[in-house]
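First the structure, in the form of C-alpha coordinates, and then the observations on it.
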Amino acid sequence: PVNVKKICCIGAGYVGGPTCAVIALKCPQIQVTIVDLNQSRIDAWNSPDFSLPIYEPGLVEVVKQARGRNLFFSTDVDKAINESDLIFVSVNTPTKKTGVGAGFGADLHYVESATRRIAAVATSSKIVVEKSTVPCRTAESMRTILESNCRPGCHFDILSNPEFLAEGTAINDLFKPDRVLIGSLQTPEGKNASAALAGVYGNWVPKERVLTVGLWSSELSKLAANAMLAQRISSINALSAICEATGANIDEVSHAVGFDSRIGPKFLKASVGFGGSCFQKDILNLVYLSESLHLPEVAAYWRQVVDMNEYQKSRFSRSVVETLFNTITGKHIAVLGFAFKADTGDTRETAAVTLIRNFLAERAYVTVYDPKVEVSQMWQDLTEACPDWTLEQLQKYVTIVHDPIEACKDKEAVVIATEWKEFLEIDWQTVYNHMSKPAFVFDGRLLVDAEKLRKIGFKVKVIGRGERV
Ligand code: NAI
(Lines give C-alpha, C1' and ligand atoms only; values in the text may rest on other atoms or scores of the structure.)
Protein backbone atom coordinates (compact mmCIF):
# COMPACT_ATOMS: atom_id res chain seq x y z
CA PRO A 1 0.00 0.00 0.00
CA VAL A 2 0.93 3.66 -0.50
CA ASN A 3 2.78 5.12 2.44
CA VAL A 4 0.63 8.19 3.13
CA LYS A 5 2.82 11.24 3.77
CA LYS A 6 0.50 14.12 2.97
CA ILE A 7 -3.21 14.36 3.60
CA CYS A 8 -5.61 17.00 2.36
CA CYS A 9 -9.06 17.41 3.89
CA ILE A 10 -11.63 19.34 1.89
CA GLY A 11 -14.13 20.90 4.32
CA ALA A 12 -13.06 22.48 7.63
CA GLY A 13 -16.36 21.93 9.45
CA TYR A 14 -17.53 19.94 12.48
CA VAL A 15 -16.20 16.73 10.96
CA GLY A 16 -13.22 17.67 8.79
CA GLY A 17 -11.70 19.98 11.43
CA PRO A 18 -11.64 17.70 14.50
CA THR A 19 -11.05 14.48 12.53
CA CYS A 20 -8.01 15.70 10.66
CA ALA A 21 -6.67 17.65 13.64
CA VAL A 22 -6.63 14.36 15.55
CA ILE A 23 -4.97 12.55 12.62
CA ALA A 24 -2.27 15.25 12.64
CA LEU A 25 -1.82 14.92 16.39
CA LYS A 26 -1.54 11.14 16.29
CA CYS A 27 0.57 10.95 13.11
CA PRO A 28 3.36 13.55 13.43
CA GLN A 29 5.05 12.05 10.36
CA ILE A 30 2.07 12.97 8.15
CA GLN A 31 1.47 16.52 6.95
CA VAL A 32 -2.23 17.37 7.17
CA THR A 33 -3.76 20.37 5.41
CA ILE A 34 -7.41 21.19 5.98
CA VAL A 35 -8.88 23.43 3.29
CA ASP A 36 -12.16 25.25 2.90
CA LEU A 37 -13.63 27.85 0.55
CA ASN A 38 -14.95 29.76 3.54
CA GLN A 39 -12.22 32.31 4.34
CA SER A 40 -13.60 33.36 7.72
CA ARG A 41 -13.78 29.74 8.87
CA ILE A 42 -10.15 29.18 7.90
CA ASP A 43 -9.13 32.46 9.56
CA ALA A 44 -10.79 31.28 12.76
CA TRP A 45 -8.93 27.94 12.63
CA ASN A 46 -5.72 29.95 12.19
CA SER A 47 -6.53 32.60 14.80
CA PRO A 48 -3.58 33.37 17.10
CA ASP A 49 -5.75 33.13 20.23
CA PHE A 50 -7.31 29.81 19.12
CA SER A 51 -10.86 31.16 18.88
CA LEU A 52 -11.78 28.22 16.66
CA PRO A 53 -14.93 28.26 14.52
CA ILE A 54 -16.50 25.37 16.42
CA TYR A 55 -16.73 24.55 20.11
CA GLU A 56 -15.80 21.03 21.06
CA PRO A 57 -14.32 19.99 24.44
CA GLY A 58 -10.59 19.20 24.06
CA LEU A 59 -10.33 20.51 20.49
CA VAL A 60 -8.29 23.61 21.32
CA GLU A 61 -5.66 21.48 23.07
CA VAL A 62 -5.33 19.23 20.02
CA VAL A 63 -5.01 22.16 17.61
CA LYS A 64 -2.52 23.88 19.92
CA GLN A 65 -0.21 20.88 19.77
CA ALA A 66 -0.38 20.21 16.04
CA ARG A 67 -1.04 23.53 14.29
CA GLY A 68 2.05 24.83 12.53
CA ARG A 69 3.85 21.53 13.19
CA ASN A 70 2.13 19.18 10.75
CA LEU A 71 -1.39 20.63 10.75
CA PHE A 72 -2.28 23.52 8.45
CA PHE A 73 -5.47 25.35 7.54
CA SER A 74 -5.77 27.06 4.19
CA THR A 75 -8.08 28.30 1.47
CA ASP A 76 -5.64 27.19 -1.21
CA VAL A 77 -7.65 24.11 -2.11
CA ASP A 78 -5.78 23.35 -5.35
CA LYS A 79 -2.33 23.38 -3.80
CA ALA A 80 -3.36 21.08 -0.96
CA ILE A 81 -5.04 18.66 -3.39
CA ASN A 82 -2.00 18.56 -5.59
CA GLU A 83 0.52 17.95 -2.83
CA SER A 84 -1.40 15.15 -1.11
CA ASP A 85 -1.43 11.36 -1.46
CA LEU A 86 -4.80 11.01 0.23
CA ILE A 87 -7.77 13.40 0.18
CA PHE A 88 -10.71 13.38 2.56
CA VAL A 89 -13.89 14.87 1.14
CA SER A 90 -15.64 16.18 4.24
CA VAL A 91 -18.01 18.75 2.82
CA ASN A 92 -21.61 19.29 3.87
CA THR A 93 -24.39 17.11 2.42
CA PRO A 94 -27.59 18.82 3.57
CA THR A 95 -31.13 17.80 2.68
CA LYS A 96 -32.11 19.09 -0.76
CA LYS A 97 -34.31 22.17 -0.59
CA THR A 98 -35.62 22.22 -4.16
CA GLY A 99 -35.97 20.00 -7.22
CA VAL A 100 -36.25 16.21 -7.36
CA GLY A 101 -36.14 14.68 -3.89
CA ALA A 102 -36.58 18.07 -2.19
CA GLY A 103 -37.03 17.67 1.55
CA PHE A 104 -35.62 14.12 1.52
CA GLY A 105 -32.66 13.42 -0.72
CA ALA A 106 -29.12 14.58 -0.02
CA ASP A 107 -27.85 17.64 -1.80
CA LEU A 108 -24.66 16.27 -3.31
CA HIS A 109 -23.52 19.32 -5.19
CA TYR A 110 -20.79 20.16 -2.66
CA VAL A 111 -19.43 16.62 -2.93
CA GLU A 112 -19.57 16.82 -6.69
CA SER A 113 -17.82 20.17 -6.96
CA ALA A 114 -15.07 19.06 -4.58
CA THR A 115 -14.65 15.87 -6.67
CA ARG A 116 -14.52 17.86 -9.92
CA ARG A 117 -11.90 20.11 -8.39
CA ILE A 118 -9.74 17.10 -7.53
CA ALA A 119 -10.04 15.80 -11.11
CA ALA A 120 -9.22 19.21 -12.55
CA VAL A 121 -6.10 19.97 -10.56
CA ALA A 122 -4.50 16.64 -9.58
CA THR A 123 -1.30 15.92 -11.46
CA SER A 124 -0.61 12.59 -9.74
CA SER A 125 -2.58 9.57 -8.48
CA LYS A 126 -4.58 9.96 -5.26
CA ILE A 127 -6.66 8.04 -2.80
CA VAL A 128 -9.96 9.90 -2.49
CA VAL A 129 -11.91 9.23 0.69
CA GLU A 130 -15.60 9.98 1.17
CA LYS A 131 -15.85 11.25 4.73
CA SER A 132 -19.16 13.04 4.23
CA THR A 133 -22.31 11.02 4.84
CA VAL A 134 -23.69 10.18 1.42
CA PRO A 135 -26.35 7.96 -0.14
CA CYS A 136 -25.38 4.42 -1.03
CA ARG A 137 -23.39 4.26 -4.31
CA THR A 138 -22.17 7.86 -4.29
CA ALA A 139 -18.61 6.53 -4.58
CA GLU A 140 -19.55 5.28 -8.03
CA SER A 141 -20.55 8.78 -9.18
CA MET A 142 -17.31 10.13 -7.75
CA ARG A 143 -15.34 7.53 -9.68
CA THR A 144 -17.11 8.40 -12.94
CA ILE A 145 -16.44 12.11 -12.45
CA LEU A 146 -12.78 11.53 -11.58
CA GLU A 147 -12.13 9.09 -14.41
CA SER A 148 -13.86 11.24 -17.02
CA ASN A 149 -12.03 14.42 -16.10
CA CYS A 150 -8.59 13.50 -14.86
CA ARG A 151 -5.25 14.07 -16.54
CA PRO A 152 -3.59 11.16 -18.33
CA GLY A 153 -1.59 8.94 -16.01
CA CYS A 154 -3.57 9.88 -12.90
CA HIS A 155 -5.33 7.06 -11.12
CA PHE A 156 -7.88 7.43 -8.32
CA ASP A 157 -8.89 4.91 -5.71
CA ILE A 158 -12.09 5.75 -3.91
CA LEU A 159 -12.77 4.75 -0.34
CA SER A 160 -15.70 5.27 1.95
CA ASN A 161 -14.75 6.14 5.51
CA PRO A 162 -17.85 7.51 7.24
CA GLU A 163 -17.38 9.42 10.46
CA PHE A 164 -19.12 8.22 13.60
CA LEU A 165 -18.04 10.96 16.00
CA ALA A 166 -20.75 12.68 18.01
CA GLU A 167 -20.59 16.43 18.53
CA GLY A 168 -19.84 17.30 22.14
CA THR A 169 -17.63 14.22 22.56
CA ALA A 170 -15.84 14.39 19.19
CA ILE A 171 -12.28 14.39 20.50
CA ASN A 172 -12.82 11.46 22.82
CA ASP A 173 -14.69 9.60 20.06
CA LEU A 174 -11.79 10.20 17.69
CA PHE A 175 -9.15 9.18 20.25
CA LYS A 176 -10.99 5.97 21.11
CA PRO A 177 -13.40 5.13 18.32
CA ASP A 178 -15.74 2.16 18.79
CA ARG A 179 -14.76 1.34 15.22
CA VAL A 180 -13.28 2.88 12.12
CA LEU A 181 -15.08 1.75 8.98
CA ILE A 182 -13.31 1.63 5.63
CA GLY A 183 -15.14 0.57 2.49
CA SER A 184 -13.39 -0.18 -0.76
CA LEU A 185 -13.86 -2.02 -4.01
CA GLN A 186 -12.82 -5.62 -3.45
CA THR A 187 -10.17 -5.40 -6.19
CA PRO A 188 -6.41 -5.58 -5.48
CA GLU A 189 -6.14 -1.77 -6.00
CA GLY A 190 -9.16 -1.14 -3.79
CA LYS A 191 -7.79 -3.34 -1.02
CA ASN A 192 -4.41 -1.66 -1.28
CA ALA A 193 -5.95 1.78 -0.89
CA SER A 194 -7.97 0.50 2.05
CA ALA A 195 -4.79 -0.81 3.68
CA ALA A 196 -3.11 2.58 3.19
CA LEU A 197 -5.90 4.36 5.07
CA ALA A 198 -6.02 1.61 7.70
CA GLY A 199 -2.29 2.28 8.16
CA VAL A 200 -3.02 5.91 9.02
CA TYR A 201 -5.57 4.94 11.70
CA GLY A 202 -3.21 2.17 12.83
CA ASN A 203 -1.10 4.90 14.44
CA TRP A 204 -3.52 4.96 17.36
CA VAL A 205 -6.55 2.77 16.75
CA PRO A 206 -6.22 -0.93 17.69
CA LYS A 207 -6.28 -3.17 14.60
CA GLU A 208 -9.39 -5.07 15.62
CA ARG A 209 -11.38 -1.84 15.64
CA VAL A 210 -10.61 -1.03 12.02
CA LEU A 211 -13.28 -2.74 9.93
CA THR A 212 -12.74 -3.12 6.21
CA VAL A 213 -15.81 -3.85 4.10
CA GLY A 214 -17.21 -3.26 0.61
CA LEU A 215 -17.89 0.28 -0.55
CA TRP A 216 -21.68 0.09 -0.58
CA SER A 217 -21.87 -1.59 2.82
CA SER A 218 -19.71 1.15 4.25
CA GLU A 219 -21.86 3.92 2.81
CA LEU A 220 -25.06 2.25 3.96
CA SER A 221 -23.70 1.46 7.45
CA LYS A 222 -23.43 5.15 8.28
CA LEU A 223 -27.06 5.80 7.35
CA ALA A 224 -28.06 2.62 9.18
CA ALA A 225 -26.21 3.57 12.38
CA ASN A 226 -27.81 7.02 12.52
CA ALA A 227 -31.24 5.65 11.68
CA MET A 228 -31.02 3.08 14.48
CA LEU A 229 -29.73 5.61 17.00
CA ALA A 230 -32.53 8.03 16.18
CA GLN A 231 -35.00 5.18 16.27
CA ARG A 232 -34.06 4.45 19.88
CA ILE A 233 -34.80 8.05 20.80
CA SER A 234 -38.12 8.03 18.98
CA SER A 235 -39.03 4.71 20.60
CA ILE A 236 -38.31 6.00 24.09
CA ASN A 237 -40.10 9.28 23.31
CA ALA A 238 -43.15 7.36 22.09
CA LEU A 239 -43.11 5.51 25.42
CA SER A 240 -42.75 8.82 27.29
CA ALA A 241 -46.17 9.82 25.94
CA ILE A 242 -47.63 6.60 27.36
CA CYS A 243 -45.93 7.32 30.70
CA GLU A 244 -47.46 10.76 30.91
CA ALA A 245 -50.89 9.32 30.19
CA THR A 246 -50.61 6.47 32.69
CA GLY A 247 -48.49 7.71 35.58
CA ALA A 248 -45.49 5.52 34.72
CA ASN A 249 -42.05 7.14 34.86
CA ILE A 250 -39.95 7.04 31.70
CA ASP A 251 -36.66 7.11 33.63
CA GLU A 252 -37.68 3.96 35.47
CA VAL A 253 -38.87 2.34 32.25
CA SER A 254 -35.60 3.19 30.43
CA HIS A 255 -33.58 1.89 33.36
CA ALA A 256 -35.49 -1.37 33.49
CA VAL A 257 -35.47 -1.89 29.73
CA GLY A 258 -31.80 -0.92 29.38
CA PHE A 259 -30.75 -3.52 31.92
CA ASP A 260 -31.45 -6.15 29.26
CA SER A 261 -28.00 -6.80 27.85
CA ARG A 262 -29.50 -7.23 24.37
CA ILE A 263 -30.86 -3.66 24.56
CA GLY A 264 -28.23 -1.89 26.68
CA PRO A 265 -28.59 1.30 28.72
CA LYS A 266 -27.22 3.95 26.38
CA PHE A 267 -29.22 6.35 24.25
CA LEU A 268 -32.48 5.61 26.01
CA LYS A 269 -33.14 9.04 27.48
CA ALA A 270 -36.46 10.64 26.75
CA SER A 271 -36.32 14.26 25.65
CA VAL A 272 -38.06 17.00 23.82
CA GLY A 273 -36.78 15.41 20.60
CA PHE A 274 -33.51 14.85 18.80
CA GLY A 275 -31.79 17.57 16.80
CA GLY A 276 -28.46 18.05 15.11
CA SER A 277 -27.44 18.16 11.52
CA CYS A 278 -27.37 14.40 10.98
CA PHE A 279 -30.19 12.24 12.36
CA GLN A 280 -33.09 13.75 10.49
CA LYS A 281 -31.10 14.34 7.32
CA ASP A 282 -29.70 10.82 7.23
CA ILE A 283 -33.03 9.13 7.91
CA LEU A 284 -34.75 11.21 5.24
CA ASN A 285 -31.92 10.18 2.99
CA LEU A 286 -32.63 6.53 3.80
CA VAL A 287 -36.34 7.12 3.19
CA TYR A 288 -35.57 8.64 -0.18
CA LEU A 289 -33.21 5.81 -1.05
CA SER A 290 -35.85 3.23 -0.10
CA GLU A 291 -38.45 4.97 -2.22
CA SER A 292 -36.11 5.19 -5.19
CA LEU A 293 -35.52 1.44 -4.82
CA HIS A 294 -39.30 0.82 -4.88
CA LEU A 295 -39.43 -0.22 -1.24
CA PRO A 296 -42.32 1.92 0.05
CA GLU A 297 -42.88 -0.15 3.23
CA VAL A 298 -39.25 0.28 4.21
CA ALA A 299 -39.47 4.01 3.50
CA ALA A 300 -42.62 4.37 5.63
CA TYR A 301 -40.99 2.48 8.52
CA TRP A 302 -38.04 4.87 8.77
CA ARG A 303 -40.16 7.93 8.02
CA GLN A 304 -42.07 7.25 11.22
CA VAL A 305 -38.91 7.86 13.28
CA VAL A 306 -38.83 11.46 12.04
CA ASP A 307 -42.60 11.86 12.39
CA MET A 308 -42.41 10.73 16.02
CA ASN A 309 -39.70 13.31 16.67
CA GLU A 310 -41.88 16.09 15.26
CA TYR A 311 -44.77 14.81 17.36
CA GLN A 312 -42.65 14.91 20.52
CA LYS A 313 -41.70 18.56 19.95
CA SER A 314 -45.27 19.67 19.29
CA ARG A 315 -46.60 17.54 22.17
CA PHE A 316 -44.15 19.25 24.54
CA SER A 317 -45.06 22.74 23.28
CA ARG A 318 -48.76 21.91 23.67
CA SER A 319 -48.24 20.71 27.20
CA VAL A 320 -46.58 24.03 28.08
CA VAL A 321 -49.63 25.91 26.80
CA GLU A 322 -52.09 23.58 28.52
CA THR A 323 -50.28 23.69 31.85
CA LEU A 324 -50.11 27.47 31.76
CA PHE A 325 -53.91 27.52 31.93
CA ASN A 326 -54.40 27.06 28.18
CA THR A 327 -52.95 30.38 27.12
CA ILE A 328 -49.46 31.77 26.86
CA THR A 329 -50.40 34.86 24.86
CA GLY A 330 -48.53 37.81 26.34
CA LYS A 331 -46.84 35.56 28.93
CA HIS A 332 -43.08 35.53 29.48
CA ILE A 333 -41.16 32.30 29.05
CA ALA A 334 -37.46 31.67 29.63
CA VAL A 335 -35.86 29.08 27.38
CA LEU A 336 -32.65 27.65 28.85
CA GLY A 337 -30.47 26.17 26.13
CA PHE A 338 -30.47 26.73 22.41
CA ALA A 339 -27.83 24.24 21.16
CA PHE A 340 -29.20 20.92 19.90
CA LYS A 341 -27.44 19.18 22.78
CA ALA A 342 -24.99 19.97 25.57
CA ASP A 343 -21.30 20.65 24.99
CA THR A 344 -21.69 22.02 21.50
CA GLY A 345 -22.46 25.41 20.03
CA ASP A 346 -24.15 23.75 17.07
CA THR A 347 -27.79 24.67 16.55
CA ARG A 348 -28.63 22.80 13.38
CA GLU A 349 -32.14 21.27 13.67
CA THR A 350 -32.21 22.13 17.37
CA ALA A 351 -35.48 21.40 19.16
CA ALA A 352 -35.17 24.79 20.91
CA VAL A 353 -35.97 26.62 17.69
CA THR A 354 -39.15 24.60 17.16
CA LEU A 355 -40.27 25.29 20.73
CA ILE A 356 -39.59 29.01 20.45
CA ARG A 357 -41.39 29.17 17.11
CA ASN A 358 -44.39 27.45 18.67
CA PHE A 359 -44.37 29.86 21.63
CA LEU A 360 -44.12 32.83 19.28
CA ALA A 361 -47.08 31.53 17.29
CA GLU A 362 -49.05 31.95 20.53
CA ARG A 363 -47.55 35.45 20.90
CA ALA A 364 -45.65 34.67 24.09
CA TYR A 365 -42.50 36.64 24.94
CA VAL A 366 -39.40 34.47 25.01
CA THR A 367 -36.04 35.08 26.70
CA VAL A 368 -33.22 32.76 25.68
CA TYR A 369 -29.96 31.84 27.33
CA ASP A 370 -27.31 29.42 26.05
CA PRO A 371 -23.75 29.18 27.37
CA LYS A 372 -22.11 28.52 23.99
CA VAL A 373 -24.29 29.55 21.06
CA GLU A 374 -23.38 32.87 19.43
CA VAL A 375 -26.10 35.51 19.65
CA SER A 376 -25.88 36.19 15.90
CA GLN A 377 -26.43 32.47 15.25
CA MET A 378 -29.63 32.51 17.31
CA TRP A 379 -31.02 35.46 15.36
CA GLN A 380 -30.13 33.77 12.10
CA ASP A 381 -31.83 30.52 13.13
CA LEU A 382 -34.94 32.28 14.40
CA THR A 383 -35.35 34.43 11.29
CA GLU A 384 -35.02 31.30 9.15
CA ALA A 385 -37.52 29.41 11.30
CA CYS A 386 -40.07 32.25 11.30
CA PRO A 387 -40.19 33.45 7.69
CA ASP A 388 -43.42 35.39 8.36
CA TRP A 389 -41.70 37.53 10.98
CA THR A 390 -39.43 40.47 10.31
CA LEU A 391 -36.32 40.76 12.45
CA GLU A 392 -37.91 43.80 14.13
CA GLN A 393 -41.02 41.84 15.08
CA LEU A 394 -38.87 38.99 16.36
CA GLN A 395 -36.80 41.33 18.46
CA LYS A 396 -39.97 42.64 20.06
CA TYR A 397 -40.87 39.14 21.28
CA VAL A 398 -37.47 37.51 21.76
CA THR A 399 -34.69 38.64 24.09
CA ILE A 400 -31.29 36.98 24.26
CA VAL A 401 -29.37 37.26 27.53
CA HIS A 402 -26.00 36.12 28.86
CA ASP A 403 -27.04 34.90 32.27
CA PRO A 404 -29.49 32.12 33.20
CA ILE A 405 -30.80 33.86 36.32
CA GLU A 406 -31.49 37.01 34.37
CA ALA A 407 -33.27 34.92 31.73
CA CYS A 408 -35.69 33.60 34.33
CA LYS A 409 -36.37 36.91 36.10
CA ASP A 410 -40.05 37.90 36.13
CA LYS A 411 -41.01 34.96 33.92
CA GLU A 412 -44.05 32.73 34.32
CA ALA A 413 -42.24 29.62 33.12
CA VAL A 414 -38.77 28.21 32.50
CA VAL A 415 -38.32 25.67 29.74
CA ILE A 416 -35.17 23.54 29.74
CA ALA A 417 -34.39 22.80 26.11
CA THR A 418 -30.74 21.66 26.29
CA GLU A 419 -29.15 19.43 28.92
CA TRP A 420 -26.29 21.80 29.83
CA LYS A 421 -24.80 20.70 33.16
CA GLU A 422 -24.61 24.30 34.35
CA PHE A 423 -28.42 24.40 34.56
CA LEU A 424 -28.14 21.89 37.39
CA GLU A 425 -25.94 24.30 39.31
CA ILE A 426 -28.21 27.30 38.95
CA ASP A 427 -29.33 28.71 42.28
CA TRP A 428 -32.95 27.68 41.80
CA GLN A 429 -34.04 29.35 45.04
CA THR A 430 -32.94 32.72 43.63
CA VAL A 431 -34.64 31.91 40.34
CA TYR A 432 -37.84 31.12 42.23
CA ASN A 433 -37.69 34.32 44.26
CA HIS A 434 -37.52 36.38 41.09
CA MET A 435 -40.21 34.62 39.06
CA SER A 436 -43.92 35.38 38.72
CA LYS A 437 -46.06 32.95 40.70
CA PRO A 438 -47.06 30.23 40.21
CA ALA A 439 -43.57 29.56 38.86
CA PHE A 440 -43.41 26.72 36.36
CA VAL A 441 -40.44 24.66 35.20
CA PHE A 442 -40.79 22.44 32.13
CA ASP A 443 -37.91 20.00 31.95
CA GLY A 444 -37.59 18.81 28.37
CA ARG A 445 -34.35 16.95 29.11
CA LEU A 446 -34.93 15.05 32.35
CA LEU A 447 -32.20 17.22 33.80
CA VAL A 448 -33.21 18.76 37.10
CA ASP A 449 -34.25 17.15 40.38
CA ALA A 450 -37.99 17.79 40.18
CA GLU A 451 -38.62 16.97 43.84
CA LYS A 452 -36.01 19.46 44.99
CA LEU A 453 -37.56 22.16 42.83
CA ARG A 454 -41.04 21.35 44.09
CA LYS A 455 -39.80 21.78 47.66
CA ILE A 456 -38.71 25.30 46.74
CA GLY A 457 -42.21 25.96 45.47
CA PHE A 458 -41.96 25.42 41.72
CA LYS A 459 -44.61 23.64 39.71
CA VAL A 460 -42.54 21.18 37.69
CA LYS A 461 -43.50 19.25 34.58
CA VAL A 462 -41.06 16.62 33.36
CA ILE A 463 -41.16 14.73 30.09
CA GLY A 464 -42.36 11.18 30.56
CA ARG A 465 -43.86 11.55 34.02
CA GLY A 466 -47.55 11.32 34.66
CA GLU A 467 -47.56 13.16 37.99
CA ARG A 468 -49.60 16.31 38.55
CA VAL A 469 -47.54 19.51 38.51
P1 NAI B 1 -20.00 21.66 7.93
O2 NAI B 1 -21.02 22.41 7.18
O3 NAI B 1 -19.65 22.04 9.32
O4 NAI B 1 -18.61 21.67 7.10
C5 NAI B 1 -18.52 21.49 5.74
C6 NAI B 1 -17.49 22.48 5.18
O7 NAI B 1 -17.23 22.16 3.82
C8 NAI B 1 -17.97 23.93 5.18
O9 NAI B 1 -17.09 24.72 5.95
C10 NAI B 1 -17.95 24.32 3.70
O11 NAI B 1 -17.54 25.66 3.48
C12 NAI B 1 -16.94 23.36 3.12
N13 NAI B 1 -17.08 23.13 1.68
C14 NAI B 1 -18.21 22.84 0.98
N15 NAI B 1 -17.91 22.66 -0.32
C16 NAI B 1 -16.57 22.83 -0.45
C17 NAI B 1 -15.67 22.76 -1.55
N18 NAI B 1 -16.10 22.43 -2.77
N19 NAI B 1 -14.36 23.01 -1.33
C20 NAI B 1 -13.92 23.32 -0.08
N21 NAI B 1 -14.72 23.39 1.00
C22 NAI B 1 -16.04 23.14 0.81
O23 NAI B 1 -20.45 20.13 7.87
P24 NAI B 1 -20.07 18.97 8.91
O25 NAI B 1 -20.99 18.98 10.07
O26 NAI B 1 -18.60 18.96 9.11
O27 NAI B 1 -20.47 17.68 8.05
C28 NAI B 1 -19.70 17.24 6.95
C29 NAI B 1 -20.18 15.87 6.54
O30 NAI B 1 -19.95 14.94 7.61
C31 NAI B 1 -21.67 15.79 6.24
O32 NAI B 1 -21.85 14.89 5.16
C33 NAI B 1 -22.26 15.21 7.49
O34 NAI B 1 -23.43 14.47 7.24
C35 NAI B 1 -21.16 14.29 7.96
N36 NAI B 1 -21.15 14.02 9.39
C37 NAI B 1 -21.39 15.02 10.31
C38 NAI B 1 -21.31 14.77 11.66
C39 NAI B 1 -21.56 15.85 12.66
O40 NAI B 1 -21.66 15.54 13.83
N41 NAI B 1 -21.65 17.10 12.28
C42 NAI B 1 -20.97 13.44 12.18
C43 NAI B 1 -20.69 12.49 11.16
C44 NAI B 1 -20.79 12.78 9.82
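The values are calculated or read from the model by the stated rules, or taken from the named source; none is laboratory data. The structure presented is a predicted model; accordingly, all values stated were derived computationally and were not measured. Here the Cβ is made from the backbone with ideal geometry for all residues, glycine too, and neighbour counts use every protein chain on show. For the accessible areas, the whole protein counts, side chains as well, though only heavy atoms, and no ligand, DNA or RNA atoms are used. Shrake-Rupley method; radii C 1.70, N 1.55, O 1.52, S 1.80 Å.
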Over segment 244-321, with every protein chain in place, what whole percent of the accessible area is carbon and sulfur at 1.4 Å, could you tell me?
62 percent
Dividing the alpha-carbon Rg of segment 93-133 by 2.2 N^0.38 Å yields what?
1.43
Per residue, how many Å² of accessible area does segment 69-172 show with a 1.4 Å probe?
40 Å²
Rounded to one decimal in nm, the spacing of the 7 Å Cα→Cβ label points at W216 and D410 is 6.3 nm
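Of all the Cα-Cα pairs you can form in segment 106-158, what percent are over 19 Å apart?
When all Cα pairs of segment 106-158 are counted, 19 percent exceed 19 Å.
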For a quick check: with amide H placed at 1.01 Å from N, whose amide H comes under 5 Å from V180's, ignoring anything fewer than 5 positions away on the same chain?
V210, L211
Tell me, what is the 1.4 Å probe accessible area of R232, in Å² to the nearest 10?
60 Å²
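Taking 1 over the mean of 1/r across every pair of different Cα atoms in segment 340-469, what Kirkwood radius in Å do you get?
Values: mean 1/r = 0.0654 Å⁻¹.
Its Kirkwood hydrodynamic radius stands at 15.3 Å.
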Please list V60, V35 in order of solvent-accessible area, largest first, computed with a 1.4 Å probe with all protein chains present.
V60, V35
Order the following by accessible area, largest value first: Y55, Y14. Probe radius 1.4 Å; ligands, DNA and RNA are ignored.
Y55, Y14
Please tell me which of these pairs span more than 24 angstrom C-alpha to C-alpha: K396/K421; K97/K421; K222/K266?
K396/K421; K97/K421
Test of understanding: what is the full-extension gain from D76 to N172, defined as 0.36 nm times their sequence separation minus their Cα-Cα distance?
31.6 nm
Suppose the Debye formula is applied to equal point scatterers at every Cα of segment 418-463; what is log10 I(q)/I(0) at q = 0.24 Å⁻¹?
-0.87
If you stretched the chain out fully between L391 and V375, how much longer would it get, using 0.36 nm times the residue separation minus the C-alpha to C-alpha distance?
4.4 nm
So for the pair E140, Y301, with labels modelled 7 Å out along Cα→Cβ, what separation do we get in nm?
2.2 nm
To two decimal places, what compactness ratio does the chain give when its Cα radius of gyration is scaled by 2.2 N^0.38 Å?
1.04
Alpha-carbon radius of gyration plus Dmax, which is the widest Cα pair, for segment 39-83 in Å
11.2, 32
Relative to the compact-globule estimate 2.2 N^0.38 Å (N residues), the Cα gyration radius of segment 236-384 stands at a ratio of 1.18
Relative contact order computed over the chain (Cα-Cα under 8 Å; 6+ residues apart), in percent:
12 percent
Using label points projected 7 Å from each Cα along Cα→Cβ, tell me how many nm separate A238 and D43, to one decimal.
4.9 nm
Sort 74-82, 277-285 for me by packing, meaning the mean count of neighbouring Cβ atoms within 10 Å per residue, highest on top.
277-285, 74-82
Quick one: Cα centre-to-centre distance for segment 10-27 and segment 35-96, in angstrom?
7 Å
Over all pairs of distinct alpha carbons, what does the Kirkwood formula give as the hydrodynamic radius of segment 10-53, in Å?
10.8 Å
So what does T329 come to for accessible area, using a 1.4 Å probe and Å² rounded to 10?
90 Å²
Gyration tensor on Cα atoms of segment 344-402, a ≥ b ≥ c root eigenvalues, a/c under 1.5 rounded, else prolate if a/b beats b/c, else oblate, says prolate
So what are the three principal axis dimensions of segment 17-124 from its Cα atoms, in whole Å, longest to shortest?
45, 36, 23
Given the Cα-Cα distance of K5 and H109 and 0.36 nm per residue of separation, how much length would full extension add, in nm?
34.5 nm
Need one word for segment 113-238: rounded, prolate or oblate. Basis is the Cα gyration tensor (sqrt eigenvalues a ≥ b ≥ c); a/c below 1.5 gives rounded, then a/b vs b/c decides.
prolate
Could you tell me the calculated FRET efficiency between H434 and E310, based on Cβ-Cβ distance and R0 = 25 angstrom, to the nearest 0.05?
0.15
Among S84, P57, A139, which residue has its Cα positioned farthest towards the positive end of the charge dipole of segment 28-157, with +1 placed on the Cβ of Lys and Arg, -1 on the Cβ of Asp and Glu, and the dipole taken about the Cα centre?
A139
Find the centroid of the Cα atoms in segment 244-297 and in segment 113-146, then give the distance between the two in whole Å.
33 Å
Take the Cα pairs of segment 320-371, get the Kirkwood Rh, then feed it into Stokes-Einstein at 20 °C and 1.002 mPa s and tell me D in µm²/s.
185 µm²/s
Equivalent ellipsoid, segment 267-325 (semi-axes from 5 times Cα gyration tensor eigenvalues, Å)
29, 12, 9
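Per-residue ellipticity at 222 nm for the chain, helices alone: DSSP H runs ≥ 4 residues times -39500 (n - 2.57), over residue total, nearest 500 deg cm²/dmol? Don't skip to the end; give the middle numbers.
Values: 18 runs with 209 residues, N = 469.
That comes out to -13500 deg cm²/dmol.
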Using a/c under 1.5 as the rounded threshold, could you call segment 60-173 rounded, prolate or oblate? The axes a ≥ b ≥ c are square roots of the C-alpha gyration tensor eigenvalues, and prolate needs a/b larger than b/c, oblate otherwise.
oblate
Probe 1.4 Å, all protein chains in place: accessible area of H434 in Å², nearest 10?
80 Å²
